[in-house]
(Lines give C-alpha, C1' and ligand atoms only; values in the text may rest on other atoms or scores of the structure.)
Protein backbone atom coordinates (compact mmCIF):
# COMPACT_ATOMS: atom_id res chain seq x y z
CA UNK A 1 0.00 0.00 0.00
CA UNK A 2 2.74 2.37 0.94
CA UNK A 3 6.47 2.03 1.15
CA UNK A 4 6.66 1.96 4.93
CA UNK A 5 4.00 -0.45 6.15
CA UNK A 6 2.29 -0.37 9.53
CA UNK A 7 3.80 -3.73 10.40
CA UNK A 8 7.31 -2.52 9.57
CA UNK A 9 6.77 0.61 11.62
CA UNK A 10 5.61 -1.31 14.67
CA UNK A 11 8.48 -3.73 14.32
CA UNK A 12 10.89 -0.82 14.19
CA UNK A 13 9.38 0.53 17.38
CA UNK A 14 10.09 -2.76 19.11
CA UNK A 15 6.74 -4.52 18.98
CA UNK A 16 7.51 -8.23 19.06
CA UNK A 17 5.40 -10.58 16.98
CA UNK A 18 3.65 -13.32 18.88
CA UNK A 19 4.22 -15.78 16.08
CA UNK A 20 6.62 -15.73 13.13
CA UNK A 21 6.23 -16.38 9.45
CA UNK A 22 9.41 -16.59 7.41
CA UNK A 23 9.99 -17.24 3.75
CA UNK A 24 8.81 -20.74 2.99
CA UNK A 25 7.93 -21.49 6.61
CA UNK A 26 4.79 -20.74 8.59
CA UNK A 27 4.59 -20.75 12.37
CA UNK A 28 3.10 -23.99 13.59
CA UNK A 29 1.40 -22.24 16.49
CA UNK A 30 -1.11 -20.88 13.99
CA UNK A 31 -2.35 -24.44 13.54
CA UNK A 32 -5.29 -25.77 15.59
CA UNK A 33 -4.23 -27.54 18.74
CA UNK A 34 -3.76 -31.28 18.46
CA UNK A 35 -7.01 -33.04 19.16
CA UNK A 36 -9.10 -29.92 18.70
CA UNK A 37 -12.56 -30.11 17.17
CA UNK A 38 -12.48 -29.97 13.34
CA UNK A 39 -13.84 -26.82 11.75
CA UNK A 40 -17.36 -26.84 10.34
CA UNK A 41 -18.76 -24.53 7.68
CA UNK A 42 -20.17 -22.34 10.46
CA UNK A 43 -16.66 -21.67 11.75
CA UNK A 44 -15.57 -19.73 8.68
CA UNK A 45 -13.90 -16.44 9.60
CA UNK A 46 -13.53 -13.40 7.38
CA UNK A 47 -10.62 -11.09 8.16
CA UNK A 48 -11.45 -7.71 6.67
CA UNK A 49 -8.04 -6.22 7.30
CA UNK A 50 -5.05 -8.05 5.80
CA UNK A 51 -2.46 -5.88 4.07
CA UNK A 52 -0.53 -7.20 1.10
CA UNK A 53 3.09 -7.63 2.24
CA UNK A 54 5.32 -6.23 -0.48
CA UNK A 55 8.42 -7.38 1.40
CA UNK A 56 7.45 -11.05 1.22
CA UNK A 57 7.91 -12.63 -2.24
CA UNK A 58 5.98 -15.68 -1.00
CA UNK A 59 3.11 -13.68 0.45
CA UNK A 60 0.31 -15.57 -1.30
CA UNK A 61 1.71 -18.99 -0.42
CA UNK A 62 2.30 -17.99 3.19
CA UNK A 63 -1.17 -16.46 3.41
CA UNK A 64 -2.77 -19.72 2.31
CA UNK A 65 -0.67 -21.74 4.76
CA UNK A 66 -1.73 -19.54 7.67
CA UNK A 67 -5.40 -19.08 6.80
CA UNK A 68 -6.20 -22.66 5.74
CA UNK A 69 -6.04 -24.24 9.23
CA UNK A 70 -7.70 -21.20 10.82
CA UNK A 71 -10.47 -21.37 8.21
CA UNK A 72 -9.96 -17.67 7.50
CA UNK A 73 -10.89 -15.85 4.33
CA UNK A 74 -8.62 -12.81 4.02
CA UNK A 75 -9.74 -9.58 2.40
CA UNK A 76 -6.35 -8.60 0.99
CA UNK A 77 -5.80 -4.84 0.81
CA UNK A 78 -3.74 -4.55 -2.32
CA UNK A 79 -1.62 -1.72 -3.78
CA UNK A 80 -2.50 -0.76 -7.34
CA UNK A 81 0.92 -1.91 -8.56
CA UNK A 82 0.22 -5.43 -7.26
CA UNK A 83 -3.35 -5.64 -8.51
CA UNK A 84 -2.86 -8.52 -10.96
CA UNK A 85 -1.02 -10.67 -8.41
CA UNK A 86 -3.95 -10.75 -5.99
CA UNK A 87 -6.59 -10.86 -8.74
CA UNK A 88 -5.01 -14.09 -10.01
CA UNK A 89 -4.42 -15.46 -6.51
CA UNK A 90 -8.09 -14.93 -5.64
CA UNK A 91 -9.09 -17.07 -8.61
CA UNK A 92 -6.76 -19.86 -7.45
CA UNK A 93 -7.78 -19.59 -3.80
CA UNK A 94 -11.38 -18.27 -3.68
CA UNK A 95 -11.94 -19.57 -0.15
CA UNK A 96 -8.83 -17.87 1.19
CA UNK A 97 -8.59 -14.55 -0.68
CA UNK A 98 -11.01 -11.74 -1.47
CA UNK A 99 -9.31 -8.90 -3.38
CA UNK A 100 -9.60 -5.30 -2.18
CA UNK A 101 -7.78 -2.44 -3.84
CA UNK A 102 -5.90 0.45 -2.29
CA UNK A 103 -6.41 3.76 -4.08
CA UNK A 104 -4.55 6.95 -3.24
CA UNK A 105 -7.59 9.22 -2.98
CA UNK A 106 -5.49 12.27 -3.85
CA UNK A 107 -4.06 10.80 -7.05
CA UNK A 108 -5.38 12.51 -10.18
CA UNK A 109 -6.32 9.11 -11.65
CA UNK A 110 -7.95 7.68 -8.53
CA UNK A 111 -11.24 6.95 -10.32
CA UNK A 112 -9.46 5.22 -13.18
CA UNK A 113 -7.55 3.05 -10.73
CA UNK A 114 -10.79 2.12 -8.98
CA UNK A 115 -12.39 1.22 -12.31
CA UNK A 116 -9.44 -1.01 -13.16
CA UNK A 117 -9.74 -2.76 -9.82
CA UNK A 118 -13.39 -3.43 -10.63
CA UNK A 119 -12.52 -4.82 -14.05
CA UNK A 120 -10.15 -7.27 -12.36
CA UNK A 121 -12.88 -8.58 -10.06
CA UNK A 122 -12.01 -6.65 -6.91
CA UNK A 123 -14.80 -6.48 -4.32
CA UNK A 124 -14.07 -3.07 -2.90
CA UNK A 125 -11.46 -0.58 -1.74
CA UNK A 126 -9.30 -0.19 1.33
CA UNK A 127 -7.70 0.69 3.54
CA UNK A 128 -8.18 4.33 2.55
CA UNK A 129 -5.82 6.42 4.68
CA UNK A 130 -3.24 9.24 4.76
CA UNK A 131 -5.66 11.45 2.85
CA UNK A 132 -4.77 15.10 2.26
CA UNK A 133 -8.32 16.26 2.99
CA UNK A 134 -11.17 14.98 5.18
CA UNK A 135 -12.88 11.87 3.82
CA UNK A 136 -15.96 13.94 2.92
CA UNK A 137 -14.10 16.37 0.67
CA UNK A 138 -15.92 16.93 -2.67
CA UNK A 139 -12.84 15.81 -4.63
CA UNK A 140 -13.30 12.26 -3.28
CA UNK A 141 -16.96 11.95 -4.26
CA UNK A 142 -16.35 10.50 -7.75
CA UNK A 143 -14.66 7.47 -6.18
CA UNK A 144 -17.60 6.98 -3.82
CA UNK A 145 -20.05 7.39 -6.70
CA UNK A 146 -18.30 4.61 -8.58
CA UNK A 147 -18.28 2.42 -5.48
CA UNK A 148 -21.98 3.08 -4.97
CA UNK A 149 -22.76 1.96 -8.53
CA UNK A 150 -20.95 -1.31 -7.89
CA UNK A 151 -22.36 -1.80 -4.35
CA UNK A 152 -18.81 -2.09 -3.10
CA UNK A 153 -17.37 -2.40 0.38
CA UNK A 154 -14.95 0.36 1.40
CA UNK A 155 -12.63 0.10 4.39
CA UNK A 156 -11.64 3.51 5.79
CA UNK A 157 -8.92 4.15 8.34
CA UNK A 158 -10.50 5.95 11.30
CA UNK A 159 -8.86 7.61 14.28
CA UNK A 160 -5.27 8.11 15.25
CA UNK A 161 -2.78 7.25 12.53
CA UNK A 162 0.87 6.29 12.81
CA UNK A 163 3.64 8.76 12.08
CA UNK A 164 6.05 7.38 9.52
CA UNK A 165 8.81 9.99 9.40
CA UNK A 166 9.88 11.59 12.69
CA UNK A 167 12.49 13.93 11.24
CA UNK A 168 10.61 15.07 8.13
CA UNK A 169 7.50 17.12 7.53
CA UNK A 170 4.36 15.10 6.73
CA UNK A 171 1.04 16.24 5.33
CA UNK A 172 -0.85 13.78 7.53
CA UNK A 173 -3.49 14.48 10.17
CA UNK A 174 -5.80 12.11 12.04
CA UNK A 175 -8.71 14.59 12.14
CA UNK A 176 -9.20 14.05 8.41
CA UNK A 177 -10.05 10.42 9.16
CA UNK A 178 -12.36 10.78 12.15
CA UNK A 179 -15.17 8.24 12.42
CA UNK A 180 -17.96 10.81 12.13
CA UNK A 181 -16.98 11.51 8.51
CA UNK A 182 -18.30 8.06 7.61
CA UNK A 183 -21.84 9.11 8.49
CA UNK A 184 -22.12 11.47 5.52
CA UNK A 185 -20.65 8.91 3.15
CA UNK A 186 -23.02 6.20 4.36
CA UNK A 187 -26.05 8.45 3.98
CA UNK A 188 -25.13 9.85 0.58
CA UNK A 189 -24.12 6.49 -0.86
CA UNK A 190 -26.46 3.87 0.62
CA UNK A 191 -25.26 1.05 -1.64
CA UNK A 192 -21.74 1.23 -0.19
CA UNK A 193 -20.99 -0.95 2.83
CA UNK A 194 -18.88 1.43 4.89
CA UNK A 195 -16.32 -0.20 7.18
CA UNK A 196 -14.27 1.81 9.65
CA UNK A 197 -10.95 0.36 10.72
CA UNK A 198 -9.94 0.70 14.39
CA UNK A 199 -13.40 1.78 15.58
CA UNK A 200 -12.34 5.43 15.51
CA UNK A 201 -9.63 4.96 18.15
CA UNK A 202 -9.82 6.78 20.52
CA UNK A 203 -13.24 8.21 19.58
CA UNK A 204 -15.11 4.96 20.07
CA UNK A 205 -18.35 6.67 20.99
CA UNK A 206 -18.54 8.50 17.69
CA UNK A 207 -17.92 5.21 15.88
CA UNK A 208 -20.61 3.44 17.85
CA UNK A 209 -23.20 6.15 17.27
CA UNK A 210 -22.51 6.37 13.53
CA UNK A 211 -22.86 2.58 13.27
CA UNK A 212 -26.01 2.59 15.40
CA UNK A 213 -28.08 4.69 12.98
CA UNK A 214 -26.63 3.56 9.66
CA UNK A 215 -27.36 -0.02 8.59
CA UNK A 216 -24.52 0.08 6.05
CA UNK A 217 -21.81 1.03 8.59
CA UNK A 218 -19.61 -1.39 10.56
CA UNK A 219 -16.28 -1.12 12.37
CA UNK A 220 -13.40 -3.43 13.17
CA UNK A 221 -11.38 -3.44 16.40
CA UNK A 222 -7.98 -3.84 14.79
CA UNK A 223 -5.02 -1.84 15.99
CA UNK A 224 -4.10 -1.00 19.57
CA UNK A 225 -7.57 -0.88 21.18
CA UNK A 226 -7.87 -4.48 22.33
CA UNK A 227 -4.33 -4.30 23.72
CA UNK A 228 -4.62 -1.01 25.60
CA UNK A 229 -8.06 -1.98 26.94
CA UNK A 230 -7.21 -5.56 27.82
CA UNK A 231 -7.86 -4.91 31.53
CA UNK A 232 -11.18 -3.15 30.87
CA UNK A 233 -12.66 -4.89 27.84
CA UNK A 234 -16.07 -4.72 29.47
CA UNK A 235 -16.05 -0.97 28.77
CA UNK A 236 -17.01 -1.74 25.19
CA UNK A 237 -20.52 -2.32 26.53
CA UNK A 238 -20.65 1.44 27.14
CA UNK A 239 -19.90 2.05 23.45
CA UNK A 240 -22.24 -0.62 22.05
CA UNK A 241 -24.96 0.11 24.58
CA UNK A 242 -28.26 -0.17 22.70
CA UNK A 243 -28.75 -3.95 22.75
CA UNK A 244 -32.44 -4.82 22.89
CA UNK A 245 -33.60 -1.19 22.73
CA UNK A 246 -35.50 0.69 20.03
CA UNK A 247 -32.50 3.01 19.52
CA UNK A 248 -30.95 1.33 16.52
CA UNK A 249 -31.51 0.32 12.94
CA UNK A 250 -31.69 -2.82 10.81
CA UNK A 251 -28.93 -5.32 11.55
CA UNK A 252 -27.60 -8.53 9.94
CA UNK A 253 -30.03 -11.39 10.60
CA UNK A 254 -32.03 -8.89 12.71
CA UNK A 255 -29.57 -9.60 15.51
CA UNK A 256 -30.58 -7.55 18.58
CA UNK A 257 -27.05 -7.13 19.96
CA UNK A 258 -25.36 -3.76 19.43
CA UNK A 259 -22.08 -5.65 19.00
CA UNK A 260 -23.30 -6.95 15.63
CA UNK A 261 -22.02 -3.65 14.21
CA UNK A 262 -18.50 -5.04 14.50
CA UNK A 263 -16.61 -7.21 12.01
CA UNK A 264 -13.32 -9.02 12.42
CA UNK A 265 -10.11 -7.36 11.26
CA UNK A 266 -6.55 -8.19 12.28
CA UNK A 267 -4.38 -5.50 10.61
CA UNK A 268 -1.26 -7.48 11.50
CA UNK A 269 1.18 -9.57 9.54
CA UNK A 270 0.11 -13.11 8.86
CA UNK A 271 1.61 -14.06 12.19
CA UNK A 272 -0.85 -11.76 13.95
CA UNK A 273 -4.17 -13.15 12.73
CA UNK A 274 -4.48 -15.89 15.37
CA UNK A 275 -3.51 -13.63 18.32
CA UNK A 276 -6.01 -10.96 17.28
CA UNK A 277 -8.70 -13.63 17.04
CA UNK A 278 -7.98 -14.47 20.67
CA UNK A 279 -8.25 -10.78 21.58
CA UNK A 280 -11.69 -10.59 19.96
CA UNK A 281 -12.77 -13.70 21.84
CA UNK A 282 -11.57 -12.20 25.12
CA UNK A 283 -13.71 -9.14 24.39
CA UNK A 284 -16.69 -11.38 23.63
CA UNK A 285 -16.34 -13.02 27.02
CA UNK A 286 -15.88 -9.74 28.89
CA UNK A 287 -18.97 -8.25 27.25
CA UNK A 288 -21.15 -11.38 27.27
CA UNK A 289 -21.61 -11.19 23.50
CA UNK A 290 -24.15 -13.86 22.46
CA UNK A 291 -22.89 -16.77 20.37
CA UNK A 292 -24.99 -15.93 17.26
CA UNK A 293 -23.59 -12.39 17.35
CA UNK A 294 -20.02 -13.68 17.68
CA UNK A 295 -20.48 -15.77 14.53
CA UNK A 296 -21.75 -12.76 12.62
CA UNK A 297 -18.84 -10.61 13.80
CA UNK A 298 -16.21 -13.20 12.93
CA UNK A 299 -17.55 -13.99 9.50
CA UNK A 300 -21.29 -14.23 9.01
CA UNK A 301 -21.93 -10.58 8.25
CA UNK A 302 -19.21 -10.26 5.62
CA UNK A 303 -19.98 -13.68 4.11
CA UNK A 304 -23.44 -12.39 3.29
CA UNK A 305 -22.35 -8.90 2.17
CA UNK A 306 -19.65 -10.30 -0.12
CA UNK A 307 -21.74 -13.25 -1.29
CA UNK A 308 -19.07 -15.77 -0.33
CA UNK A 309 -19.68 -19.47 -0.73
CA UNK A 310 -18.55 -22.16 1.69
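The values are calculated or read from the model by the stated rules, or taken from the named source; none is laboratory data. Computed from a predicted structure; not experimentally measured. Here the Cβ positions follow ideal geometry from the backbone for every residue, glycine too, while neighbour counts run over all protein chains shown.
Restricting attention to the stretch 51-79, the residues that are farther than 18 Å from residue 222 by Cα and surrounded by 21 or more Cβ atoms within 10 Å (Cβ to Cβ) total 5.
With the structure loaded, tell me whether residue 154 is touching a helix residue (DSSP H, G or I) at 6+ places or on another chain (Cβ under 6 Å), surrounded by 14 or more Cβ atoms within 10 Å (Cβ to Cβ) and within 24 Å of residue 272 (Cα to Cα) or whether it fails that test. When the stated conditions are applied, residue 154 passes them. Being touching a helix residue (DSSP H, G or I) at 6+ places or on another chain (Cβ under 7 Å) and either outside any strand (DSSP E or B) or modelled with pLDDT of 95 or more (or both) is true for just one of 195, 162. Which residue is that? Only one candidate qualifies: 162. Inside the stretch 90-113, residues that are within 21 Å of residue 302 (Cα to Cα) and touching a helix residue (DSSP H, G or I) at 6+ places or on another chain (Cβ under 9 Å) make up a count of 10. Scanning the stretch 96-120 for residues that are farther than 19 Å from residue 156 by Cα and surrounded by 14 or more Cβ atoms within 10 Å (Cβ to Cβ) returns 96, 97, 116, 120.
The number of residues in the stretch 116-138 being over 12 Å from the mean Cα position of the chain (by Cα) and within 18 Å of residue 172 (Cβ to Cβ) comes to 9. Screening residue 132 on (1) buried (at least 18 other Cβ atoms within 10 Å of the Cβ); (2) part of a loop (DSSP other than H, G, I, E, B) shows it passes everything except condition (1).
Scanning the stretch 275-310 for residues that are farther than 17 Å from residue 233 by Cβ and over 19 Å from the mean Cα position of the chain (by Cα) turns up 291, 292, 309, 310.
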